[in-house]
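Worksheet: one structure, shown below.
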Amino acid sequence: MSEPAVEFIGVSKSFVGRDGRRQVILDRVDFSIPPGQTTVIAGGSGQGKSVTLKLILRLLDADAGQILVGGVDITGIRGGRLEEVRTKFGVLFQGAALFDSMTVFDNVALPLRERTDKTEEQIRQQVLATLQTLDLSGHEEKFPAQLSGGMQKRVGLARALQLDPEIMLFDEPTTGLDPVMTREIYELFARTQRKLGYTAIIVSHDIPAVFSLADQVIILHDGKMDAFASPDELQWSTKPHIKDFVRTTMGELYQSQLVE
C-alpha cells in the first residue's frame, strides 16, 4: 500500500474566543489522504474545513498530534526544511488571488520567475503550454478584470500548477460561480487531476456537486472526522449527524454521478 500523501494522527486544534471560552475545532482526529486521488472535505460552517487546510500547510500549528506530509512530520520543523515540504503544494484560493495589475501571462509566470532559474524563453514555453491545457490560449495579455469568474479560476489553477506540485489544495474553488460554470470548473479539475496525477484536497460547501470529483469524502462535525471511501457510502451511515447531513445537503435519494 502506498504511503499516504497527508496523514493526521491524533490532531487537536482549538481557539479561544473573545469571551474567553475555548472552541474545539479538531479533537484528536485521525485520517489519511491517499496519493494520486481526490479527497473532498465537507461539513457545516465553522466546523474547521479551512483550518484543516491551514494545518496541512503549517500556516497554523496543531495543539497536539502529528501531521505527516509524505511521511514527514511537519509539526516540529522550521525554516528551510518546512519551506522544502511546502514546495510539494499548490494552492487555489477561494478568490483566485490574482494580481490585478499583472497580465494573465505574468500572473502564471510569477512562481517560475520567483522560485526557479528558468530562462524567460523556458518560462514562456511552459506558461503558454499550461494556458493551452486549461483552454486559456489567446488570453495571456488580458488582465484579471477582463476575465469572467470561471476564467479567473482557470488562471489561478494554471499558476498553482507551475511548480509541478505533488498535492493541490482547493479552498472553496467555485465560490461566486453559477451552476453551469461550476460544472465546467469541476470537469476541468477532473481532467487536470487525471492528466497530471497529483493528490487533490478540496474544501467545499458545494454539496453534492463537488462529490462528483471525490475518491474519498471526509465530513467534519463537532471536532470529529468521518471518512468515507466514496460519496455513496455516506447514505449508508447510521450515525445521526451523517444521516442529517445527507438529508439536508444531498436529499433522501442521493446517487452520485461521476464526472465523465
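The values are calculated or read from the model by the stated rules, or taken from the named source; none is laboratory data. In this text, all values refer to a predicted model and were calculated from it rather than measured experimentally. Every residue, glycine as well, gets a Cβ built from its backbone with ideal geometry; the counts of neighbours run over all protein chains shown.
Just one of the numbered conditions (1) within 21 Å of the chain's Cα centre (by Cα); (2) surrounded by fewer than 19 Cβ atoms within 10 Å (Cβ to Cβ); (3) closer than 26 Å to PRO35 by Cβ; (4) of a type outside the set (Asp, Glu) is not true of SER237: (1). Annotation: GLY46 fulfils all but one of (1) part of a loop (DSSP other than H, G, I, E, B); (2) touching a strand residue (DSSP E or B) at 6+ places or on another chain (Cβ under 6 Å); (3) not charged (D, E, K, R); the unmet one is (2). Which count do you get for residues in region 20-43 that are in a strand (DSSP E or B) and basic (Lys, Arg)? Result for region 20-43: 2. Of the residues making up region 112-142, just one is basic (Lys, Arg), outside any loop (DSSP other than H, G, I, E, B) and in contact (Cβ under 8 Å) with a residue 24 or more places away in the chain, namely ARG115.
Looking only at residues in region 8-43 that are under 23 Å from PHE189 (Cα atoms) and of a type outside the set (Val, Ile, Thr), the one that is surrounded by the most Cβ atoms within 10 Å (Cβ to Cβ) is ALA42.
Residue-level analysis places VAL155 among those that are β-branched (Val, Ile, Thr) and either crowded, with 18+ Cβ neighbours inside 10 Å or closer than 12 Å to GLN94 by Cα (or both). It is to be established whether one or more residues within region 94-109 are surrounded by fewer than 17 Cβ atoms within 10 Å (Cβ to Cβ), without any contact (Cβ under 8 Å) to a residue 40 or more places away in the chain and in contact with a helix residue (DSSP H, G or I) (Cβ under 8 Å, 6 or more places away or on another chain). No, region 94-109 contains no residue that is surrounded by fewer than 17 Cβ atoms within 10 Å (Cβ to Cβ), without any contact (Cβ under 8 Å) to a residue 40 or more places away in the chain and in contact with a helix residue (DSSP H, G or I) (Cβ under 8 Å, 6 or more places away or on another chain). Taking the criterion of being touching a residue at least 40 places away in the same chain (Cβ under 8 Å), farther than 13 Å from LEU68 by Cβ and not polar (S, T, N, Q), the residues of region 1-33 that qualify are LYS13, VAL24, ILE25, LEU26, ASP27, VAL29.
Taking region 189-223 as the range and being farther than 19 Å from VAL6 by Cβ and either in a helix (DSSP H, G or I) or acidic (Asp, Glu) (or both) as the test, the residues that pass are ALA190, ARG191, THR192, ARG194, LYS195, ASP206, ALA209, PHE211, SER212, ASP222. Number of residues in region 154-185 that are modelled with pLDDT of 90 or more and either in contact with a Lys or Arg (Cβ under 7 Å, 6 or more places away or on another chain) or assigned to a helix (DSSP H, G or I) (or both) equals 11.
On the stretch given as region 49-79, residues that are in contact (Cβ under 8 Å) with a residue 60 or more places away in the chain and within 14 Å of the chain's Cα centre (by Cα) total 6.
Of the residues in region 45-54, not one is over 17 Å from PHE15 (Cβ atoms), crowded, with 17+ Cβ neighbours inside 10 Å and in contact with an Asp or Glu (Cβ under 9 Å, 6 or more places away or on another chain).
Among the criteria (1) under 25 Å from ILE9 (Cα atoms); (2) surrounded by fewer than 15 Cβ atoms within 10 Å (Cβ to Cβ); (3) of a type in the set (A, V, I, L, M, F, W, C), the one VAL180 does not fulfil is (1). If you go through region 240-260 and keep only what is closer than 26 Å to PRO35 by Cα and either modelled with pLDDT under 85 or in a loop (DSSP other than H, G, I, E, B) (or both), you end up with GLN255, SER256, GLN257, LEU258, VAL259, GLU260.
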